[in-house]
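Please treat every number below as a calculation from the coordinates, not as lab data. None of the values given here were measured: they were computed from a predicted structure. Note that each Cβ is placed from the backbone with ideal geometry, even for glycine, and that neighbours are counted across all protein chains shown.
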Amino acid sequence: MPADAGSNRRPETGAFFQRDRNWHPPALTPDYKTSVLRSPQKALLAFDNTASEITGPVFGHAILGELDADLIHNFAKPGESAIGERIIVYGRVLDERGVGVSGALLEFWQANAGGRYRHKKDGYLAPLDPNFGGCGRTITDDEGGYAFRTVKPGPYPWPNGPNDWRPSHIHFSVFGHGFAQRLITQMYFEGDPLIWRCPIVRGIRDRAAVETLIAALDMQATIPFDARAYKFDIVLRGRRASMFENRPEGN
Amino acid sequence: MAQSLSRLKESPSQTAGPYVHIGLTPNFGGIGGVYASDLGATMLNDKTKGERIGLRIRVLDGTGTPLRDSLIEIWQADAKGFYNSPAELRGDADPDFQGWGRQPTDMETGLCSFETIKPGRVPFGDGRLMAPHISLWIVARGINIGLHTRLYFSDEQKANAADPILARIEHKVRVPTLIAERQGDIYIFDVHLQGEKETVFFDS
């Protein structure tokens, strides 16, 4: 497959930095009850990346539709739009070295402005918005930048404790350049008091780690009389330089 | 104080949650008209080279109940052992095979089906060949960070016996947790999240 068409950068083939599993939530977080029976209990098998983890799929712009990055309109009837606070979410996908990750497929999904998902398993009494589906996607540019338009999702109650509420959040699925960089996470909103009460968020033990998932209100990036903006950067695993590695390239 | 390494920390993972279909398989989840088709739903076309096989995968929780709300992604080499990726420098992969697939588990049965080809062998870092395998990544409600493992093939006994990753598993009794059972053109693979038969998951 042609490497980075339009770029003269050599594709990188180094192994990825080891994952800091104390920074991520552990598999078992009993206050998030579903994790109790779904968390592996035995030690993980650790090994340095092989070609199977260093390589990864590439997604071209051909898969994208015109409205994929516009959740206000991509499910709406012609001439109509989703109800809610209009926002732009933008940022960069970087790796742990601070290098922008280009060509990264980002997929996002969320509840509507009332906190209701368009899903047959969601029975929350807040109504569906006939003009809101809740999914979108984009591919990062040469510097790792991305942006999309949506409405701010509402918080909602969920069956965990007797009265647990999820803070407003947007789910993000991210592909980097290698299978081992694959990541799913959630973006929260600056100033939301529900963040620090949420059992899913609190599975992350380090407060500084949680703060990296909170998007900042950026009034400079707003569109006056249209939408406010939130900045959300995502960091994927960095990778080693392969030039000093005592083994064949690409392995 | 020494100089700062100026490294960033990886964004912490959060669960994909119960509504993962909205984002990753919206057509399956009942949201039509936004994307023409669900990404990764079809891995083959008429020109794809290699032996056609089916995978039938289930993910079972600590009580042995199949998860009916999980999602599995697979990544594999083509029939000759090349990955369709810019980081593949050993040769050109089959242009008719991306090597990546994504399927939700059935909301009633918990069964997850892939139609793909049997992958060729890929070299380990020291040049030895690994046994044919497919990498799996599993997410669901209640899974805080995506689970990484591999599916090996029951009809590759000799290659499996020499595989450098399988060889690293200290308790040999756990090796079979990574080996799918061949039944005709179908491979059956149960992933156990917990218990005596807990699948070997990776940190790589």
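Side notes on the structure shown:
- Lysine pair count for chain A with Cα-Cα distance under 20 Å and sequence separation of 8 or more or different chains is 4.
- GluC sites (Glu not before Pro) restricted to the stretch B:74-122 and DSSP loop, no more than 14 other C-beta within 10 Å: B:Glu108
- Chain A: most fluctuating residue of A:Ala216, A:Ala51, A:Ala111 per GNM, C-alpha cutoff 10 Å: A:Ala51
- Dipole size of the protein assembly as shown about its Cα centre, with +1 on Lys/Arg Cβ and -1 on Asp/Glu Cβ: approximately 820 debye, rounded to the nearest 20.
- Within the stretch A:146-230, trypsin sites (Lys or Arg not before Pro) in DSSP loop having at most 14 other beta-carbon neighbours inside 10 Å: A:Arg205
- For B:Trp75, A:Trp109, B:Trp100, A:Trp165, order by how many other beta-carbon atoms lie within 10 Å, fewest first: A:Trp165, B:Trp100, B:Trp75, A:Trp109
- Residue of A:Thr140, A:Thr150, A:Thr185 that the Gaussian network model of chain A assigns the largest fluctuation, springs spanning Cα pairs under 10 Å: A:Thr185
- Of all DSSP-defined beta bridges confined to chain A, some 75% are antiparallel rather than parallel.
- Taking other C-beta atoms within 10 angstrom as a stand-in for reagent exposure, B:Asp69, B:Asp106 fall in the order B:Asp106, B:Asp69, fewest first.
- Taking amide H atoms as placed 1.01 Å from N in the peptide plane, the amide H of A:Arg166 lies under 5 Å from those of A:Tyr156, A:Trp158, each 5 or more residues away in sequence or on another chain.
- A DSSP coil position with no more than 16 other Cβ atoms inside 10 Å describes the following trypsin sites (Lys or Arg not before Pro) in the stretch B:1-54: B:Arg7, B:Lys9, B:Lys47, B:Lys49.
- Reachable lysines, given that their alpha-carbon falls under 24 Å from the alpha-carbon of B:Lys47 and they are not under 8 places away in the same chain: B:Lys80, B:Lys118
- For B:Thr177, B:Thr199, order by how many other beta-carbon atoms lie within 10 Å, fewest first: B:Thr177, B:Thr199
- Bridge orientation summary for the protein assembly as shown: considering DSSP beta bridges with both residues in this region, about 75 percent are antiparallel.
- Mean-square fluctuations from a GNM of chain A, with a 10 angstrom spring cutoff on Cα atoms, peak among A:Phe232, A:Phe175, A:Phe47 at A:Phe47.
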